[in-house]
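Asker: This is the structure I want to talk about, given as structure tokens.
Read-outs: derived from the displayed coordinates by stated rules, not from any lab. All values reported here derive from a predicted model rather than from experimental measurement. So basically every Cβ, Gly included, is an ideal-geometry build from the backbone, and we count neighbours across all protein chains shown.
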Amino acid sequence: MIETGSKTSPLAEYFESLGYKAVRIDGRANGNNGNLVFTEFKSSEEELNSLYKGVGVRDISNSGILELRGNDVLDFLHRVTTNSTKELPKERAVQTIFTTEKGRIIDAATLMNFDDYKILVSSPANKLKVKSWIERYVIMDDVNLNDVKNKYVLFELLGPQAVSFTALIAGKVLNEIDYNQFKIINSDGVVFFLLKLKDQNSRPKFWVMADVTNGLTLVKFFQEYKGPFDFNFIGSEAYETYRIEQGIPAAPNELNSNFNPHEINLLDIVDFKKGCYIGQEVIARLDTYDKVQKKLASVRFLEDIDDGNLNLFDNDGKEAGQITSTIYSKRIGGKIGLALVRKAYLDEGTVLSAKNGNGKTAKVIVENLPFKK
């Protein structure tokens with residue numbers, strides 16, 4: 001059985017009762033005990049097919065879910081994150097980034113305004129860092145912070161059939177929801193909040209947030225679904241392949257204090273017109289003077305090599321970047337990865353050498369994101 005109090009989804013024991021196996025992702029480098037995740041619900045290949053051709057549902061309840069109350073919440077977050085939050089209307093959401101004084105990434109997060117309180121959702125890997133960062137800077141502000149990870153369940157619905165599938169549980173209300181807006185839904189007595197977002201490639205996706213009881217009812221509905229959609233629950237293996245193929249940065253691989261928002265292609269959630277925030281001067285200076293040295297790109301391995309700390313070099317042995325994520329992709333036909341590549345080597349087709357900690361090397365080729373077959 002999954003131990004009580006582990007940092008994971010409130011629905012983990014239900015999934016385990018159905019025979020699904022959870023594994024712990026080591027979180028010691030991020031100051032926590034890690035997260036229990038389900039690697040597969042059906043097969044990774046079928047789940048990946050749903051993400052590309054149908055609709056997939058991810059249980060992302062192991063995210064950092066913080067409830068913030070007080071008169072200064074929006075103003076405070078406006079002063080410590082990259083995006084504008086001060087005038088965020090009720091039932092609206094905004095994505096923003098917590099950055100260090102040097103403009104490096106602590107985490108990307110989504111803020112939802114419920115009027116009397118706000119919900120902030122950060123990544124599973126960096127949730128303790130975000131909580132500590134907020135507590136560090138709340139001094140005289142009227143901001144009260146509460147970790148509510150066991151109060152809510154949170155699902156993500158994505159894929160080309162996500163809109164039509166979501167209409168099954170939301171009905172006509174779905175047509176009234178704009179991007180970055182959420183509404184409360186009562187579907188045959190099942191109550192939940194539905195948020196419409198854009199994915200990394202500007203396609204619609206949805207978050208469903210509910211208390212544990214209503215969330216379990218929704219899961220059972222998903223579990224018993226036999227309709228015309230290509231539907232699957234999505235395990236960590238399929239999603240990791242999908243996110244690398246699509247060029248989606250994630251914590252801790254790309255969203256960490258080694259990189260800034262320019263490098264990770266997250267400038268769409270940086271407001272250059274707002275006032276000061278932590279790290280603002282560095283991020284603005286990089287933009288003004290075009291000082292960004294590297295960018296997130298994709299690499300395809302031309303030779304096999306063991307994973308580890310993979311650094312990139314050109315033919316003359318000059319440092320060219322580092323690989324941050326790798327996966328074997330059956331769809332692409334080999335091993336692929338995400339990498340922070342120096343600007344001089346970003347042209348598609350550039351061949352570089354990847355070297356691991358044992359000194360072994362392998363050729364890789366730089367490609368544009370997202371990956372194409």
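Asker: Step through the residues of the range 201-218 one at a time and calculate ³J(HN,Hα) from phi using the Karplus curve (6.51 cos²θ - 1.76 cosθ + 1.60, θ = phi - 60°), rounding each to whole Hz and writing x for Gly and Pro.
Answerer: 10, 6, 9, x, 9, 9, 10, 10, 10, 8, 5, 5, 5, 5, x, 5, 4, 5
Asker: Roughly how many whole Å is it from the C-alpha centroid of the range 292-307 to that of the range 120-151?
Answerer: Between the Cα centres of the range 292-307 and the range 120-151 lies a distance of 33 Å.
Asker: Using +1 at the C-beta of Lys and Arg and -1 at the C-beta of Asp and Glu, which of Pro252, Leu145, Ala339 has the Cα lying farthest in the positive direction of the dipole of the chain?
Answerer: Ala339
Asker: Would you mind checking which residues have amide H under 5 Å from Ile106's amide H? H placed 1.01 Å from N; only 5 or more apart, or other chain.
Answerer: When sequence neighbours closer than 5 places are left aside, the close amide H contacts are Phe98, Thr99, Thr100.
Asker: Which FRET efficiency value, to the nearest 0.05, do you get for Lys226 and Phe272 by plugging their Cβ-Cβ distance into 1/(1 + (r/R0)^6) with R0 = 41 Å? Numbers along the way, then the final one.
Answerer: Working: r = 49 Å, r/R0 = 1.19.
Here the calculated transfer efficiency is 0.25.
Asker: Within the range 142-158, find all residues whose amide N lies under 11 Å from a label point positioned 7 Å from the Cα of Arg69 along Cα-to-beta-carbon.
Answerer: Counting backbone N atoms under 11 Å from the label point, the list is 144-146.
Asker: Over 34 Å, how big is the tail of the calculated P(r) for the chain, in percent of all Cα pairs?
Answerer: Of all Cα-Cα pairs in the chain, 28 percent lie more than 34 Å apart.
Asker: Let me ask something else about it. Show which lysines lie in cross-link reach of Lys363 when reach means a straight Cα distance below 20 angstrom and same-chain residues fewer than eight apart are skipped.
Answerer: Lys294, Lys295, Lys318, Lys330, Lys335, Lys343, Lys355, Lys372, Lys373
Asker: Here's another thing I want to ask about it. Quick one: plug the Kirkwood hydrodynamic radius of the range 205-248 (C-alpha pairs) into Stokes-Einstein at 20 °C, 1.002 mPa s, and report D in µm²/s.
Answerer: Reported coefficient: 171 µm²/s.
Asker: In sequence order, what are the phi-derived ³J(HN,Hα) couplings for the range 358-367 according to the Karplus relation 6.51 cos²θ - 1.76 cosθ + 1.60 with θ = phi - 60°, rounded to whole Hz, with x for glycine and proline?
Answerer: Each residue's phi maps through the Karplus curve to give 8, x, 6, 10, 8, 6, 10, 10, 7, 9 Hz.
Asker: Can you give me the C-alpha center-to-center distance between the range 173-225 and the range 75-97, rounded to a whole angstrom?
Answerer: Each part's Cα centre sits 22 Å from the other's.
Asker: Rg and Dmax of the range 130-268 over Cα atoms: what are they, in angstrom?
Answerer: According to the Cα coordinates of the range 130-268, Rg and Dmax are 17.5, 55 Å.
Asker: Which far-off residues, 5 or more places away or on another chain, put their amide H under 5 Å from the one on Ser329, with H placed in the peptide plane?
Answerer: The list, which skips near neighbours in sequence, is Gly334, Lys335, Ile336.
Asker: Can you tell me how much longer the chain between Leu346 and Lys102 gets when fully stretched, taken as 0.36 nm per residue apart minus their C-alpha distance, in nm with one decimal?
Answerer: Separation in residues times 0.36 nm, less the Cα-Cα distance, equals 85.4 nm.
Asker: Continuing with this model, one more query. What is the antiparallel percent of DSSP beta bridges lying wholly in the chain, to the nearest 5?
Answerer: 95
Asker: Dipole size in debye (nearest 20) for the chain around its Cα centre, Lys and Arg Cβ +1, Asp and Glu Cβ -1?
Answerer: Roughly 440 debye, rounded to the nearest 20.
Asker: Which lysines have a Cα lying under 24 Å from the Cα of Lys220, excluding residues fewer than 8 positions away in the same chain?
Answerer: Lys7, Lys21, Lys42, Lys53, Lys149, Lys151, Lys172, Lys183, Lys196, Lys205
Asker: When every alpha-carbon pair in the range 221-310 is counted, what percent end up more than 24 Å apart?
Answerer: 44
Asker: Suppose the chain between Lys318 and Ile184 were pulled fully straight at 0.36 nm per residue; how much longer would it get relative to their current alpha carbon spacing? Each step should come with its number before you reach the end.
Answerer: On the way: separation 134, 0.36 × 134 = 48.24 nm, distance 5.46 nm.
Full-extension gain reported as 42.8 nm.
Asker: Volume per residue, Å³, of the convex hull around the alpha-carbon atoms of the range 308-373?
Answerer: Cα-based convex hull of the range 308-373, divided per residue, equals 84 Å³.
Asker: Return the aspartates and glutamates within reach of Lys198: Cα separation strictly under 14 angstrom, same-chain partners fewer than 8 residues apart disregarded; answer none if there are no such residues.
Answerer: Excluding near neighbours in sequence, the set is Glu156, Asp178, Asp268.
Asker: Among the trypsin sites (Lys or Arg not before Pro) in the range 126-158, which ones are in a DSSP loop with at most 16 other Cβ atoms within 10 Å of the Cβ? Mind listing them?
Answerer: Passing both the DSSP loop test and the Cβ count: Lys151.
Asker: Tell me the mean residue ellipticity at 222 nm calculated for the chain from its helices only (DSSP H runs of n ≥ 4, each -39500 (n - 2.57), averaged over every residue, nearest 500).
Answerer: Per the formula, -6000 deg cm²/dmol.
Asker: On each of the three principal axes of the Cα atoms of the range 64-147, give max minus min coordinate, whole Å, ordered largest first.
Answerer: Taking max minus min along each principal axis of the Cα atoms, the range 64-147 gives 30, 25, 23 Å.
Asker: Under a 5 Å amide H to amide H cut-off, with H placed in plane at 1.01 Å, what residues pair with Ser61 once short-range neighbours are removed?
Answerer: Those qualifying (amide H under 5 Å, at least 5 residues apart or on another chain) are Leu154.
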